[in-house]
Amino acid sequence: MPYIQTSTLMLFNVLAFLAPVGLALLAIGAASEERAAQVATTALVALAAAVIGYFACGFAFQFGGAAFVSHMPGLQSLTAEWSPLDLEWGLGWGMIGLRGFFLSAEAYNADAYLLFISQLAAVTTAVLVTLLALCNHVRRMRLLALGLLISGFVYPLFGNWVWGGGWLSNLGLNLGLGHGFVDIAGSGAIYLLGTLVALSVFFVVKPRRATEAGPARLPPIHFPLLMVLGALLAVVGWPGLVLGNPLISEQVVAPLVVVNLMLAAAGGALAVSIYSWFVTGQPDALATGRGTVAGLVAASAACAFVPAWAALLIGAASGLLMLLGSYAVEQVLRLDDASGSAAVFGLPGIWGVLAVAIFADGHWGAGWNGVGVQEYLGIAGQGISGLSLAGGYQPAGASQLHAQLVGLGALFIAALLVPGLIVRSIVWIGSMARRAYAGRLEPSPAQTHQEDKDS
């Protein structure tokens, strides 16, 4: 890869780290003075867990078959994409990669290191979303273990399915479902995934909020400067999550990505500001900041494939969905999530994944996931096609929507059920161990009888 292109990608990847930094500052700004230090420490724990877990095995699980989705010379030895349905390594129904552990052997080269770096901000964000939601209810060592589970297995597993040549990306080639599952910057694969893992743990530890008398109120803001700074840094860093990826750098139009993300952030902020202004008499700073991030989350899946007006609409709708999610988490489920992670990243993440199948107009994404390299539906250059097409393109029906729904179903299984089962098993084993230990400490009936005789 030319030096200039590598330097540009590295610049975008450094810029991308402003996104998790911004999310951390937004959470600290919403935390009470007693909890702010704990939230800040959790952000550092998330960074450490993300880097170590992804370095040890996450990269291998996600991109062990990167040779099948990239022509980069340094990735051509990463050819182990395991599938329970194929009789040989390769594309098709790939489930997980198996080469590149500890960035050694086949992954010990500049191209593999660049691909590794391009994922660090994303995997850090996925871990951060989960840990911020749980930091007030789970001990730090357990948070670290959970972060390692996400970065070392859960995120790479779903990331392989979407970006590493796995079965979701091949739904278009194998089953004719549009261009396969499309999520360019992780509305589902990063933000919804982190939220679902947090919810799976919430359902085990069951932290409940005290019911407040009177109507529901917007959460208070404790450090306004940090909150505003966090929202602005997230807006600046978000394009780097898309443009720093060497696997897609030649397939996306950078100005389109940046403009759409800015419009989505503005739409989310404006919708929430108007709502809070109408309800309370003045715009709420914390709700507006969260609405800004919700717009970015929702636009992440579709920012390279939709027109500008659609990006603005996606962002505005995500802001309102964030408010709905906040009410559901706090008043219906009564979960104690002071960081607001479940509300900010949950429903907006689902909406963002579905928005691809609604607003992708066929103008962008030709050849995505290997579908329609020469032509699609008889039209040369037709790209990802949702329900709202630009003029001159052939309708693809609901095929892209079906691919997105399959992807959401797989995500719920990978990020909600699997971590939930693991956490429940650990809790059960710990409970059994404590009971066994307590049983050893209690005297047996024979010992009690002998002690009575001796006395």
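Screening THR41 against (1) assigned to a loop (DSSP other than H, G, I, E, B); (2) touching a Lys or Arg at 6+ places or on another chain (Cβ under 9 Å) leaves a single unmet condition, (1).
Restricting to segment 333-348, what's the tally of residues that are of a type outside the set (Gly, Ala, Ser), assigned to a helix (DSSP H, G or I) and under 12 Å from ALA27 (Cβ atoms)? Step through it out loud before you land on a result.
At the first step, the residues of segment 333-348 found to be of a type outside the set (Gly, Ala, Ser) are 333-337, 344-345, 347-348.
Next cut, assigned to a helix (DSSP H, G or I) only: 344-345, 347-348.
Next, only the ones that are under 12 Å from ALA27 (Cβ atoms) stay: 344-345.
Counting residues in segment 333-348 that are of a type outside the set (Gly, Ala, Ser), assigned to a helix (DSSP H, G or I) and under 12 Å from ALA27 (Cβ atoms) gives 2.
For segment 274-299, enumerate the residues that are in contact with a Phe, Trp or Tyr (Cβ under 7 Å, 6 or more places away or on another chain) and within 22 Å of ALA254 (Cα to Cα). LEU296, VAL297, ALA298, listed by residue number. Here GLN282 fulfils each of the conditions (1) within 15 Å of ILE184 (Cα to Cα); (2) outside any helix (DSSP H, G or I); (3) of a type outside the set (Gly, Ala, Ser) apart from (1).
Here is a yes/no grid of residues against (1) out of contact with any helix residue (DSSP H, G or I) (no Cβ under 6 Å at 6 or more places or on another chain); (2) at pLDDT 95 or above; (3) not hydroxyl-bearing (Ser, Thr, Tyr):
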position	(1), (2), (3)
LEU143	no, no, yes
GLY159	no, yes, yes
ASN170	yes, no, yes
ALA198	no, no, yes
VAL204	no, no, yes
PRO215	yes, no, yes
VAL228	yes, no, yes
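Taking ILE117, is it within 19 Å of the chain's Cα centre (by Cα) and in a loop (DSSP other than H, G, I, E, B)?
On the way: within 19 Å of the chain's Cα centre (by Cα): yes; in a loop (DSSP other than H, G, I, E, B): no.
Spelling it out, it is not the case that ILE117 is within 19 Å of the chain's Cα centre (by Cα) and in a loop (DSSP other than H, G, I, E, B).
The listed residues are ALA311, ALA366, and the only one of them that is aliphatic (A, V, I, L, M) and under 23 Å from the mean Cα position of the chain (by Cα) turns out to be ALA311.
Going by what's in this entry, would ALA48 be described as surrounded by fewer than 19 Cβ atoms within 10 Å (Cβ to Cβ) and at pLDDT 95 or above? Answer is yes for this residue.
Each row is one residue, and each column tells you yes or no for (1) of a type in the set (A, V, I, L, M, F, W, C); (2) in contact with a Gly (Cβ under 9 Å, 6 or more places away or on another chain).
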position	(1), (2)
PHE12	yes, yes
ALA19	yes, yes
GLU33	no, no
GLN38	no, no
ALA48	yes, yes
ILE52	yes, yes
GLY58	no, yes
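Every condition in (1) without any contact (Cβ under 8 Å) to a residue 40 or more places away in the chain; (2) of a type outside the set (A, V, I, L, M); (3) within 16 Å of VAL182 (Cα to Cα); (4) assigned to a helix (DSSP H, G or I) holds for TRP351 except the one numbered (1). Among the residues of segment 100-113, those that are modelled with pLDDT of 95 or more and either of a type in the set (Lys, Arg) or buried (at least 21 other Cβ atoms within 10 Å of the Cβ) (or both) comprise GLY100, ALA107, ALA112. Return a yes/no flag: does segment 133-150 have any residue that is touching a Pro at 6+ places or on another chain (Cβ under 7 Å) and either over 18 Å from SER341 (Cβ atoms) or not aromatic (Phe, Trp, Tyr) (or both). Checked segment 133-150: at least one residue is touching a Pro at 6+ places or on another chain (Cβ under 7 Å) and either over 18 Å from SER341 (Cβ atoms) or not aromatic (Phe, Trp, Tyr) (or both).
The rows are residues; the columns are (1) under 23 Å from SER169 (Cβ atoms); (2) modelled with pLDDT of 75 or more; (3) in a helix (DSSP H, G or I); (4) small (Gly, Ala, Ser).
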| residue | (1), (2), (3), (4) |
| --- | --- |
| PHE412 | yes, yes, yes, no |
| LEU416 | yes, yes, yes, no |
| PRO419 | yes, yes, yes, no |
| SER425 | no, yes, yes, yes |
| TRP428 | no, yes, yes, no |
| ARG440 | no, no, yes, no |
| ASP452 | no, no, yes, no |
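Only a single item in (1) farther than 20 Å from PHE203 by Cα; (2) of a type in the set (Gly, Ala, Ser); (3) in a helix (DSSP H, G or I); (4) at pLDDT below 95 is not met by ALA396, and it is number (3).
Of all the residues that make up segment 14-38, how many are in contact (Cβ under 8 Å) with a residue 40 or more places away in the chain and not in a helix (DSSP H, G or I)?
Looking only at segment 14-38, we keep the residues that are in contact (Cβ under 8 Å) with a residue 40 or more places away in the chain, and these are 14-33, 35-36, 38.
Now narrow it down to the ones that are not in a helix (DSSP H, G or I): 17, 31-33, 35.
Summing the residues that are in contact (Cβ under 8 Å) with a residue 40 or more places away in the chain and not in a helix (DSSP H, G or I) in segment 14-38 gives 5.
Just checking, which of GLY186, GLY147, GLY166 is over 19 Å from ALA24 (Cα atoms) and of a type in the set (Gly, Ala, Ser)?
Numbers: GLY186 fails: over 19 Å from ALA24 (Cα atoms); GLY147 fails: over 19 Å from ALA24 (Cα atoms).
Every option except GLY166 fails the conditions.
Output the number of residues of segment 390-407 satisfying the condition of being buried (at least 18 other Cβ atoms within 10 Å of the Cβ), out of contact with any strand residue (DSSP E or B) (no Cβ under 7 Å at 6 or more places or on another chain) and aliphatic (A, V, I, L, M). Outline the logic, then answer.
Filtering segment 390-407 down to residues buried (at least 18 other Cβ atoms within 10 Å of the Cβ) leaves 396, 399-401, 403-404, 407.
Filter again for out of contact with any strand residue (DSSP E or B) (no Cβ under 7 Å at 6 or more places or on another chain), leaving 399, 401, 403-404, 407.
Within this subset, residues satisfying the condition of being aliphatic (A, V, I, L, M) are 401, 403.
Residues in segment 390-407 being buried (at least 18 other Cβ atoms within 10 Å of the Cβ), out of contact with any strand residue (DSSP E or B) (no Cβ under 7 Å at 6 or more places or on another chain) and aliphatic (A, V, I, L, M): 2 in total.
Which residues, taken from segment 354-364, are crowded, with 24+ Cβ neighbours inside 10 Å, outside any helix (DSSP H, G or I) and touching a residue at least 40 places away in the same chain (Cβ under 8 Å)? Hit for segment 354-364 is ALA360, nothing else. For segment 298-307, the criterion of being in a helix (DSSP H, G or I), crowded, with 21+ Cβ neighbours inside 10 Å, small (Gly, Ala, Ser) and within 16 Å of the chain's Cα centre (by Cα) is met by at least one residue. Restricting attention to segment 365-389 and to residues that are in contact with a strand residue (DSSP E or B) (Cβ under 8 Å, 6 or more places away or on another chain) and closer than 14 Å to VAL306 by Cβ, the residue that is surrounded by the fewest Cβ atoms within 10 Å (Cβ to Cβ) turns out to be SER388.
Within the set ALA80, ALA56, ALA30, ALA67, the sole residue that is over 17 Å from the mean Cα position of the chain (by Cα), at pLDDT 95 or above and hydrophobic (A, V, I, L, M, F, W, C) turns out to be ALA56. The number of residues in segment 321-335 being of a type outside the set (Asp, Glu) and surrounded by 20 or more Cβ atoms within 10 Å (Cβ to Cβ) comes to 7.
The values are calculated or read from the model by the stated rules, or taken from the named source; none is laboratory data. Everything numeric here is computed off the predicted structure, so don't read it as measured data. In this analysis, Cβ positions are derived from the backbone assuming ideal geometry, glycine residues included, and neighbour counts consider all displayed protein chains.
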